[in-house]
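The values are calculated or read from the model by the stated rules, or taken from the named source; none is laboratory data. What you are looking at is a predicted structure, and each value in this text was computed from that prediction instead of being measured. As a convention, Cβ positions derive from the backbone with ideal geometry for all residues, glycine included, and neighbour counts pool all protein chains shown.
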Amino acid sequence: MNLKDVKSFEELNLKQTLRAHILYEQIMGHPFVESDGLNGIVMLFYSYVIGSNRDTNIDYNDFLDFLDEHNNMIGEFTQWIIKVNDNNKLTEPEPEPGEAKEAEV
């Protein structure tokens with residue numbers, strides 16, 4: 001993938017993968033939390049791009065240049081990740097009667 005050729009969010013081919021979250025943790029030193037702010041969102045986005053497109057070698061500075069040129073992409077990523085997480089919650093099995101539901105993080 002060449003980021004200079006990407007014109008729309010869909011062309012990034014993002015998928016929620018274990019690889020993306022591992023990459024994020026390797027870069028940041030901890031799992032993603034909302035309190036990481038804008039830097040955390042941008043790094044999570046970067047991790048998803050490189051994690052979803054395994055053969056792609058995208059320099060972080062090139063990714064930041066891309067975001068500067070496509071300033072709507074952070075908003076689209078944020079909406080997409082919220083939608084994916086909401087859909088994942090819908091597919092979680094309901095706890096059995098008498099079984100405590102795990103605390104949400």
Per the list (1) modelled with pLDDT of 95 or more; (2) aliphatic (A, V, I, L, M); (3) under 16 Å from H21 (Cα atoms), residue check on I81 breaks on (1)
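Each row is one residue, and each column tells you yes or no for (1) modelled with pLDDT of 95 or more; (2) part of a helix (DSSP H, G or I); (3) of a type in the set (G, A, S); (4) under 21 Å from D86 (Cα atoms).
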residue: K15; (1), (2), (3), (4): no, no, no, yes
residue: L44; (1), (2), (3), (4): yes, yes, no, yes
residue: S47; (1), (2), (3), (4): yes, yes, yes, yes
residue: I58; (1), (2), (3), (4): no, no, no, no
If you go through R19, R54, the only one that is among the basic types (K, R), surrounded by fewer than 16 Cβ atoms within 10 Å (Cβ to Cβ) and in a helix (DSSP H, G or I) is R19
Log entry, pairs with first residue in the range 53-80 being farther than 14 Å from D5 by Cα, second being at pLDDT 95 or above and among the aromatic types (F, W, Y), beta carbons closer than 7 Å, six or more apart or on different chains, reads Y60/Y46; I74/F45; F77/F45
Hey, K15 in contact (Cβ under 8 Å) with a residue 60 or more places away in the chain and charged (D, E, K, R) or not
no
